[in-house]
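Here's the structure we're looking at; comments come further down.
The values are calculated or read from the model by the stated rules, or taken from the named source; none is laboratory data. Here the structure is a predicted model, which means the values were calculated and not measured. Cβ sites come from the backbone with ideal geometry, for glycine too, and all protein chains shown count toward neighbours.
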Amino acid sequence: MKVAILDDETHCVESMVLYINRLFPELKVVYKSTKPIEAVEVLKRIEVDLLFLDVEMPLMDGFEFLEQFDTLNCDVVFTTAYSQYAIKAFRAQAINYLLKPIDEEELKEAIIQCVHRKNLANSSCLEVDFLLSQLKQDDVMKHKIALPTVDGFEFINASDVIYCNSQSNYTTLFLLSGETMVIAKTLKEVEKSFEKFSFLRVHQSYLINPNHIKKYSRNDGGFLIMSNDQRIPISQSKRSTVVNLFEKMKNS
C-alpha cells in the first residue's frame, strides 16, 4: 500500500515516516512534503492509497488542499494539534482524525482501517470483473451492468441510468424509472464499470449518461439538466471535455 504524508513541519513528517516504517514495514511511503502547493501537482500525477494530511499549514490548509482535486482517489487521515477540526474533517470525507502528538495505537488503528477497506474494495471489484467477463458471451447481457447488493448482484440496463452521484465511499444511481440504487463503491470504481457505455465524468461527485442530457447551460460555472430535470454541476477541469462532446454531437 502506498502512503503520502503532507505536513508543514519537517519533524512531524519524519516522525510519521519512522512510525510507519516501524509499525508497518510492508507499507511504502512514496511521497512526503512540507509544501502543500507543490504536493497538489505531485499527487495529481502519482497514485497513493493513503494520505496523512495536516490541517493547519501556511498558504493552504488541509481542507483547501482537498478542494484542489476533482477527485482524490485515496483514503485521507487528518493530523492536527487542534481537536476542533474533527467534525469538519469527517465532513471532508476523511476516514480518520489523529491528534498530535500522534499516538502509536491510534495510528495503527487508522492504517489497519485503511488496509481493511482496500481489501474489501479489491475483493468486490474482482467479483464484479469476473462476473462481467462471463456475461460478455451473452448478447443480451452486453447492455447490462452488474451491481453488488447485500445478497448478491442486480443487473440493470446501462441505458436506464441517468447519472451517478457519489458520497464518500458510496454511490447513488438515479434511474429512468425514478428509482435510486445505492452501492458501496466509489465513483472511480463505478466509472470503470460503466466505461464501455461511454458515461462521462463531469464533476468529482457526478458521472452522467450523455444520452440523458436535456440541456447545457454556461451559467453559474456551467451545469447540465438531465432527462429527470435534475441539475448536475460541471467542474472547471471537465468543462472543456463537455463542450467538446457537444461540438462533436453537433457536427455528427
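Descriptive notes on the structure:
- Of the criteria (1) surrounded by fewer than 17 Cβ atoms within 10 Å (Cβ to Cβ); (2) touching a strand residue (DSSP E or B) at 6+ places or on another chain (Cβ under 7 Å); (3) not polar (S, T, N, Q), which one I234 fails: (1)
- Test: residue in the range 45-67 that is under 12 Å from I5 (Cβ atoms) and touching a Lys or Arg at 6+ places or on another chain (Cβ under 7 Å): yes
- In summary, no helices (runs of 4 or more DSSP H) completely within the range 1-113 bear 3 or more residues that are farther than 27 Å from I234 by Cα, touching a strand residue (DSSP E or B) at 6+ places or on another chain (Cβ under 9 Å) and modelled with pLDDT under 90.
- Looking only at the range 194-220, residues that are within 26 Å of Q68 (Cα to Cα) and either charged (D, E, K, R) or in contact (Cβ under 8 Å) with a residue 60 or more places away in the chain (or both) come to 6 in all.
- Of the residues making up the range 41-71, those that are surrounded by fewer than 20 Cβ atoms within 10 Å (Cβ to Cβ), at negative phi, touching a helix residue (DSSP H, G or I) at 6+ places or on another chain (Cβ under 7 Å) and without any contact (Cβ under 8 Å) to a residue 40 or more places away in the chain are M60, F63, Q68.
- Residue among L176, L147 that is touching a residue at least 12 places away in the same chain (Cβ under 8 Å), more than 14 Å from N228 (Cα to Cα) and either under 18 Å from the mean Cα position of the chain (by Cα) or outside the structural domain of C74 (by TED's automatic domain parsing) (or both): L147
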